[in-house]
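One structure is given below, encoded as structure tokens.
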Amino acid sequence: MTTIRLTNTKTRRKEAFTPIDPANVRLYVCGPTVYDRAHLGNGRPVVVFDVLFRLLRHVYGPDHVTYVRNFTDVDDKINAAAQARKAAGDPRSLEELIRARTDETIRWYHEDMDALGALRPTHEPRATEWIGAMIAMIEDLVAKGHAYEREGHVLFRVRSYRDYGALSGRSVDDMIAGARVEVAPFKEDPMDFVLWKPSDDELPGWESPWGRGRPGWHIECSAMSYELLGASFDIHAGGIDLQFPHHENEIAQSCCAHPEGGFANVWMHNEMLLVNGKKMSKSLGNFFTIHDLRKDRGIPGEVIRMVLLGTHYSKPMDWTAEKAAQAKATLWKWRKLTADVEPAASPDAAVLAALADDLNTPAAITRLHSIAAQEDGALLKASASLLGLLEDDLRGWTLPPVTGTGSGVMEVSGSATAIVGNVQYRETIERLLDERKQARMGKDFRRSDAIRDLLVGAGVIIKDTPAGAEWDLGADFDPARLGEPE
Ligand SMILES: [Zn+2]
């Protein structure tokens, strides 16, 4: 069996991965707070840990991996968005507005992440459906002396957990000095964090032993991972920005509520995402949602995925338009090489070895390039699939209407063959090339150049050889532009 080695944030070492139960390998990844469209930075952990999910499924069997990724659908930002809509005159109740907003955002999220080629996790629990489990865990923490109630709030007593800070390797005092901790008069200690807070009538709330209120963010993951994966499981992952305080707080809650378990054995964190070398921000004008890139800029989800996987997860990843263009051209070539090809029975050993070595996706992609150079479409397809690339559905490539009856472009989902498109457009392209030849022979160079410009403008690559013109479709091929030359 392939040995997977992973860098464990907890031990700061690359370790051979040994699951607690190889028949049920368990993975938890912190999911999104659903109040707006996912941005490019949100896509990185989804794609990186999707590769991990695929690798685990390959090694242990697709039925032997349980992957949980939550939706945080109770949050102050969600409430604020709903309150703003209500203030703007929306007649619906606040609860209806919140539910509508979170339902819609989850739909968008699925649409975007499906386009990035991410497999759906085994379970996608919504926080609001697990409030009872959260209340039970908080009650347990209070009973064990790790939490206390003050003025309708329940707070976790950080000093009651000796190992607090072990994940990030910092002491509580260092963290107080470095962090922006919310000072509140009812806290015993500034580091103590909220497990439960009161809700007034204007906010969503649930009845609890501490009055009507709502859970804090950190308790959600602790309660849902316990319910779905147990007190000990294999891997907990998320973005580096979650390491402190979110993951430290999850560990404190889970290990204090369930001292019989070890919570997660392996912790993995992906580094941040940059755009043109800078942190993505709305004020710098380099802020993209995945939807912007797919719809407004016409970048297929598969291309976004390939760019994200081009950098090792442990390093900051810099998104540039050049990388996207390069990935687009590469995937187009590979798509053509693998269209109508049955994948080989097993992936290339070197691609598998690269991924098993701490998810070395850049090395795996380099190896895919050499398989493509040998024109081994079957092996390329089987190996790329481990990275979630070149799969049968189109992964967000935008294609022209197949019949040519409509105008403009539409998104089609169908077999990879459609992407090649040669068959549908061969006739038109070859007729135009033939007309160009006739024009040249008749020394009508204005016309032959016009035909050439038309073809090139539509994304057709023309190579003149002594035997005549050869052509190919470029990644930007758009048959809508294959009109008649003047
Ligand atoms: Zn979490």
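The values are calculated or read from the model by the stated rules, or taken from the named source; none is laboratory data. Bear in mind that the values here come from a model prediction, so they are computed numbers and not experimental data. FYI the Cβ positions are ideal-geometry reconstructions off the backbone, even for glycines, and counts take in every protein chain you see. We work out accessible area using only protein heavy atoms, side chains counted, and drop any ligands, DNA or RNA first. Shrake-Rupley method; radii C 1.70, N 1.55, O 1.52, S 1.80 Å.
Of Thr9, Ile135, Gly213, which is farthest towards the positive pole of segment 5-270's charge dipole, taken about the Cα centre with +1 and -1 on the beta-carbons of Lys, Arg and Asp, Glu respectively? So the residue furthest toward the plus end is Thr9. With the Cα gyration tensor of segment 5-270 giving a ≥ b ≥ c as the square roots of its eigenvalues, does the rule (a/c under 1.5 for rounded; else a/b larger than b/c for prolate; else oblate) give rounded, prolate or oblate? The shape class here is oblate. Name the residues of segment 243-275 whose amide N is less than 20 Å from a point 7 angstrom out from the Cα of Arg13 along the C-beta direction? Residues 262-269 fall inside that zone. Treating r as the C-beta distance of Glu124 and Glu427 and R0 as 56 Å, the FRET efficiency rounds to 0.75. Excluding ligands, DNA and RNA, the accessible surface per residue across the chain is 45 Å² with a 1.4 Å probe.
PRE reach from Asp174 (point 7 Å along Cα→Cβ): which of segment 234-251 fall under 14 Å by backbone N? 244, by backbone N distance to the label point.
Close amide H pairs (under 5 Å, H built 1.01 Å from N) link Tyr28 with Val68, Ile235, His236, Ala237, residues at least 5 positions away or on another chain. Summarising the label geometry, the points placed 7 Å from Cα in the beta-carbon direction at Arg99 and Gln83 lie 2.2 nm from one another.
Converting phi to 3J(HN,Hα) with the Karplus coefficients 6.51, -1.76 and 1.60 and the offset θ = phi - 60°, segment 310-323 yields x, 10, 4, 4, 7, 10, x, 10, 9, 7, 9, 5, 5, 4 Hz in sequence order, with x at every glycine or proline. Of the peptides 270-282, 249-261, the ranking by mean beta-carbon count within 10 Å, highest at the top, reads 249-261, 270-282.
With all protein chains in place and a 1.4 Å probe, the accessible surface of segment 274-385 carries 52 percent carbon and sulfur.
Work out how much length His369 to Asn276 would gain on full extension: take 0.36 nm times their residue separation and subtract the Cα-Cα distance, in nm to one decimal. Mind showing how you got there, number by number?
Details: separation 93, 0.36 × 93 = 33.48 nm, distance 2.49 nm.
Taking 0.36 nm per residue and subtracting the Cα distance, the gain is 31.0 nm.
Each Lys and Arg adds +1 at its Cβ and each Asp and Glu adds -1 at its Cβ; summed about the Cα centre, the chain shows a dipole of about 1180 debye. Amide hydrogen proximity for Glu15: with H placed 1.01 Å from N in the peptide plane, the residues at 5 or more positions away or on another chain lying under 5 Å are Leu6, Thr7, Asn8. When you count the other C-beta atoms within 10 angstrom of each residue and take the mean per peptide, 301-309, 11-19 line up highest first as 301-309, 11-19.
In terms of packing, defined here as the mean over residues of other Cβ atoms within 10 angstrom, the peptides 32-44, 359-371 line up highest first as 32-44, 359-371. Among the protein heavy atoms of segment 135-225, carbon and sulfur supply 48% of the accessible surface, probe 1.4 Å, non-protein parts ignored. Contact order for the chain, expressed relative to its length and based on alpha carbon pairs under 8 Å spaced 6+ residues apart, stands at 15 percent.
Calculated FRET efficiency, Ala349 to Ala136, Cβ-Cβ distance, R0 = 41 Å: about 0.30 to the nearest 0.05. A 1.4 Å probe over all protein chains sorts Trp319, Trp210 by accessible area into Trp210, Trp319, starting with the largest.
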